[in-house]
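Some notes on the structure that comes next.
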2 protein chains.
Amino acid sequence: MGLVVQKFGGTSVGSSERIQNVANRVIEEKAAGNDVVVVVSAMGKTTDELVSLSKELNENPSKREMDMLLTTGEQITISLLSLALQAKGHDAVSLTGWQAGMKTEEVHGNARITNIETVRIKQYLKENKIVVVAGFQGITENNEITTLGRGGSDTTAVALAAALEAEKCDIYTDVTGVYTTDPRYVKGARKLNSISYDEMLELANLGAGVLHPRAVEFAKNYEVKLEVRSSLEKERGTIIKEEAEMEDNLLVRGIAFEDNISRVTVIGMEDDIYTLPSIFSLLAKHHINVDIIVQSVTSAKSAVSFSVKTEELQRTLSVLEAQKRNLQYEEVEHENGLSKVSIVGSGMVSNPGVAAKMFEVLQDSKVQVKMVSTSEIKVSTVVVQKDMVKAVEALHETFELTNERVGK
Amino acid sequence: MGLVVQKFGGTSVGSSERIQNVANRVIEEKAAGNDVVVVVSAMGKTTDELVSLSKELNENPSKREMDMLLTTGEQITISLLSLALQAKGHDAVSLTGWQAGMKTEEVHGNARITNIETVRIKQYLKENKIVVVAGFQGITENNEITTLGRGGSDTTAVALAAALEAEKCDIYTDVTGVYTTDPRYVKGARKLNSISYDEMLELANLGAGVLHPRAVEFAKNYEVKLEVRSSLEKERGTIIKEEAEMEDNLLVRGIAFEDNISRVTVIGMEDDIYTLPSIFSLLAKHHINVDIIVQSVTSAKSAVSFSVKTEELQRTLSVLEAQKRNLQYEEVEHENGLSKVSIVGSGMVSNPGVAAKMFEVLQDSKVQVKMVSTSEIKVSTVVVQKDMVKAVEALHETFELTNERVGK
């Protein structure tokens with residue numbers, strides 16, 4: 001008997017039938033003798049509909065008013081879920097972000113949680129109520145309504161679990177857990193029983209959409225035990241905690257990939273020391289996210305390459321072009337149609353040969369590596385997009401992640 | 001140059017085009033040099049849609065969760081209207097009921113305003129912002145979200161106008177003002193330039209749907225100058241204030257009517273003094289609204305008749321039947337297919353012959369009067385439903401309300 005925080009995303013609460021289903025999952029947890037706090041997102045397409053309404057009135061809407069608008073989405077869900085729970089004979093109470101004491105910094109659209117005042121939630125739990133909290137939203141010191149940005153409901157759930165010292169935080173979603181790689185692309189992909197925070201953080205950052213990196217970071221910092229599982233199927237999901245279990249203790253735990261990557265190369269900079277930081281602070285000022293950066297100094301010309309999302313390529317090139325005089329470079333080249341393929345695993349720290357093995361496998365598969373970036377527990381490579389799945393399959397096989405080989 | 005509170009109902013903000021139109025009306029008022037506070041309702045059918053969603057999950061929803069659900073409607077409108085105003089180059093800011101300091105009693109579904117903390121609105125006005133406030137909603141001492149019940153947005157607007165000492169409060173709606181009677185039924189119906197609070201209160205209570213009685217009561221108590229006018233047409237509407245203007249100073253100012261009335265008669269009560277209060281406290285306990293009450297004591301049997309809405313007749317009869325033993329009466333009769341026709345005017349106070357004249361007119365028109373109820377400024381009669389329009393037309397003519405006769 002303990003406290004469990006459950007989080008259900010937009011797809012899981014997308015219709016009144018699905019809300020009924022969620023209510024049943026909540027009641028099961030309660031019937032098992034646990035206190036339950038439920039965090040929900042806006043119903044399915046609600047957010048998109050509200051955004052399109054706003055666009056009809058203002059093409060460049062203020063973030064404050066968008067927060068005001070979009071937070072109605074979760075408020076609708078919390079009341080509907082509470083009504084469903086009440087209809088099934090359970091005592092439930094809904095709370096908006098501000099009622100739940102979710103304090104954030106003074107920023108609209110992407111605020112960070114600063115503090116959670118849990119008095120009210122704790123009081124309701126003491127009264128044996130199921131507490132249903134609106135995800136994604138918070139309130140500033142000045143009583144301004146804020147939102148937590150993409151994946152915000154995950155963060156709400158994890159932050160509440162931390163503040164309430166919950167036994168665990170279950171993230172219900174439309175997949176059954178975290179996989180060694182994306183099962184839509186690789187047949188042998190296998191669900192992991194467990195994974196460490198650091199590995200999950202790398203995977204989340206590398207494009208595995210199942211959990212938002214910020215939520216994982218929060219979970220790691222406060223040691224919140226997470227489980228990612230399906231809202232429709234009963235099977236256990238993947239547990240995310242400090243150390244993964246032995247049975248999953250492989251050298252490489254997962255393979256992430258992402259397409260629509262472009263490489264930009266700035267050639268012939270007069271003064272590297274001055275120019276390099278200038279380029280990246282210029283791009284940051286324009287909110288362009290640069291991923292992998294590779295610097296090469298040859299005898300001939302100095303050059304720096306970096307990867308961006310292809311959708312941001314044109315803007316990147318314009319920004320660089322506009323500042324050509326200031327930055328004093330010779331020319332900019334770019335290449336489209338690239339992908340990023342990454343291997344992640346805590347075991348790499350003590351196994352220096354993993355990167356080498358990765359390059360070997362890719363070479364054997366005739367996959368050209370365009371860029372490389374490493375951390376203690378991951379190696380990312382940029383490859384040609386058409387080779388992406390081939391690369392992932394070869395790596396999945398080599399690092400013994402495939403179902404048949406490892407069993408389970 | 002002063003402060004104007006404008007209120008726009010659900011039809012006026014029913015689409016993004018209509019919100020654009022509302023934004024223009026707000027900007028006109030601002031451009032005339034006034035500070036502007038705008039109160040809005042939920043968009044057109046939003047409330048109905050949310051109610052039907054809730055019914056899918058819970059047939060007997062808790063009022064607390066319905067308040068949580070329905071208050072999202074106005075929150076959507078305030079942000080959209082603010083976005084529209086901003087797109088047109090105006091500095092606007094939206095506030096939910098709780099952000100606007102709208103404090104209410106601890107009741108869900110039908111709370112009364114206890115106090116308005118205007119600090120935040122005043123600060124924004126000082127910054128020359130247009131303030132857009134969510135109607136219909138408030139907050140209790142315990143930070144519970146409440147709603148003000150039917151016509152609640154009118155009440156929000158009037159209460160804000162009172163608290164902010166506004167110069168006037170304009171209620172924008174889909175009609176051009178308050179009429180001598182319903183123009184959909186009576187051709188000669190004429191828009192009034194002005195009407196007193198008391199007269200408006202009677203008309204509102206008698207079924208003239210243009211303004212909610214509670215809002216009128218509030219306006220009267222705090223002497224808020226109201227104007228009811230069209231959100232689509234430019235013409236002046238009807239001003240509601242302490243004393244009506246001379247040109248409108250007729251004996252009878254308006255004729256209200258309402259159909260689907262039933263009469264219930266309880267016959268042969270053993271002990272009137274005990275039974276009469278028991279009947280009406282019993283019905284009140286079951287939330288049945290009794291309107292006109294007529295008691296008759298003949299030599300034969302004592303009886304009491306009262307009118308209820310026909311939709312509440314079956315419930316009324318069941319409640320009485322269940323308590324027959326307790327109440328000790330002989331039998332209950334009822335009659336359906338009735339209507340209420342009322343004349344309203346402050347001038348009646350000093351003209352005792354008005355009721356007599358009304359009966360005379362009805363008799364001349366062969367309209368049988370089933371029940372009568374009077375106050376200082378109104379006379380209500382219950383007549384057979386098929387005679388309703390005929391009665392209204394005859395009274396409208398007799399009391400010189402018709403266009404042709406009075407001119408304007």
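The values are calculated or read from the model by the stated rules, or taken from the named source; none is laboratory data. Keep in mind that what you see is a predicted model, and the values were worked out from it rather than measured. Glycine also receives a Cβ, built like all others from the backbone with ideal geometry; neighbour counts cover every protein chain displayed. To get the accessible areas, we keep the full protein, side chains included, count just its heavy atoms, and leave off ligands, DNA and RNA. Shrake-Rupley method; radii C 1.70, N 1.55, O 1.52, S 1.80 Å.
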(Q) Viscosity 0.890 mPa s, temperature 25 °C: give me the Stokes-Einstein translational D for the range B:303-369 in µm²/s, with Rh taken as the Kirkwood radius over C-alpha pairs. (A) 161 µm²/s
Q.
Using each residue's phi in the range A:111-118, evaluate 6.51 cos²θ - 1.76 cosθ + 1.60 at θ = phi - 60° and report the 3J(HN,Hα) Karplus result to the nearest Hz, with x for Gly and Pro.
A. 7, 9, 6, 9, 5, 10, 8, 8
Q: Tell me, for the rotation carrying A onto B, which chain A residue has the beta-carbon closest to the axis and what that distance is in whole Å.
A: A:Thr72, 2
(Q) Whole percent per 10 Å bin, from 0 to the bin with the longest distance: what is P(r) over all C-alpha pairs of the range A:3-174? (A) 11, 42, 34, 11, 2
Q.
Using a label point 7 Å beyond Cα on the Cα-Cβ vector, give me the inter-copy distances for A:Lys366 in nanometres, one decimal, shortest first.
A. 10.2
Q. Going highest first, how would you order B:5-16, B:74-85 by mean Cβ packing within 10 Å?
A. B:74-85, B:5-16
**Q.** Vicinal HN-Hα couplings computed from phi for the range A:336-347 (Karplus, 6.51 cos²θ - 1.76 cosθ + 1.60; Hz; Gly/Pro x)
**A.** 9, x, 10, 9, 10, 10, 10, 10, 10, x, 5, x
Q | Distant-in-sequence amide H partners of B:Asn260 (H built 1.01 Å from N, under 5 Å) | A | B:Leu338
Q. Given H placed 1.01 Å from N in the peptide plane, which residues other than close sequence neighbours of B:Ser230 have an amide H under 5 Å from its amide H?
A. B:Thr173
Q) Across peptide A:69-76, what mean number of C-beta atoms from other chains lies inside 10 Å of a residue's C-beta? A) 5
Q) What is the mean number of Cβ atoms from other protein chains located within 10 Å of the Cβ atom of each residue in peptide B:87-96, rounded to a whole number? A) 3
Q: Alpha carbons only, please: Rg and Dmax for the range B:237-391, in angstrom.
A: 17.8, 57
Q. For the residue pair A:Arg150 and B:Glu330, what label-to-label distance in nm results when each label sits 7 Å from Cα along the Cα-to-beta-carbon direction?
A. 8.2 nm
Q) So if R0 is 41 Å, what FRET efficiency would A:Asn193 and A:Glu141 give, r being the distance between their Cβ atoms, rounded to the nearest 0.05? A) 0.45
Q.
Ignoring everything except DSSP H segments at least 4 long, calculate the 222 nm mean residue ellipticity for chain B; use -39,500 (n - 2.57) per segment, divide by total residues, nearest 500.
A. -11000 deg cm²/dmol
Q | Inter-copy label distances at A:Val119 (7 Å, Cα→Cβ; nm, one decimal) | A | 1.7
(Q) Skipping prolines and chain starts, which residues have an amide H placed within reach, meaning under 5 Å, of the one on A:Ser94, given they are 5 or more residues away or on another chain? (A) A:Val132
Q | Under the span-like rule (Cα at least 30 Å along the axis, Kyte-Doolittle mean at least -0.5), DSSP H helices of chain B | A | B:63-87
(Q) Please compute the contact order of chain B in relative form: average sequence separation of alpha-carbon pairs under 8 Å and at least six residues apart, divided by the residue count, as a percent. (A) 14 percent
Q | Spin-label model distance (nm) - B:Val349 vs B:Val119, 7 Å beyond Cα toward Cβ | A | 4.2 nm
**Q.** Per-residue average of Cβ from other chains inside 10 Å of A:50-59
**A.** 6
Q: Please report the buried accessible area for the interface of A with B, total over both chains, probe 1.4 Å, in Å² to the nearest 100.
A: 3300 Å²
Q) Put a point 7 Å out from Cα along the line to Cβ at A:Val51; what are the distances to that point in the other copies, in nm, shortest first? A) 3.2
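Tally up the carbon and sulfur contribution to the accessible surface of chain A as a whole percent, 1.4 Å probe, everything protein left in place.
46 percent
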Q | Ellipsoid equivalent to the protein assembly as shown - semi-axes via the Cα gyration tensor, in Å | A | 67, 33, 20
Q.
I'd like the distance separating the alpha-carbon centroids of the range A:1-60 and the range B:66-103, in whole Å.
A. 23 Å
Q: Would you calculate the separation in nanometres between label points at B:Ser52 and B:Asp259, each defined as 7 Å from the Cα along the Cα-to-beta-carbon direction?
A: 2.5 nm
Q.
Test of understanding: what is the full-extension gain from A:Asn221 to A:Val372, defined as 0.36 nm times their sequence separation minus their Cα-Cα distance?
A. 51.5 nm
Q) Any idea what Rg and Dmax come out to for chain B if you just take the C-alpha atoms, in Å? A) 23.3, 77
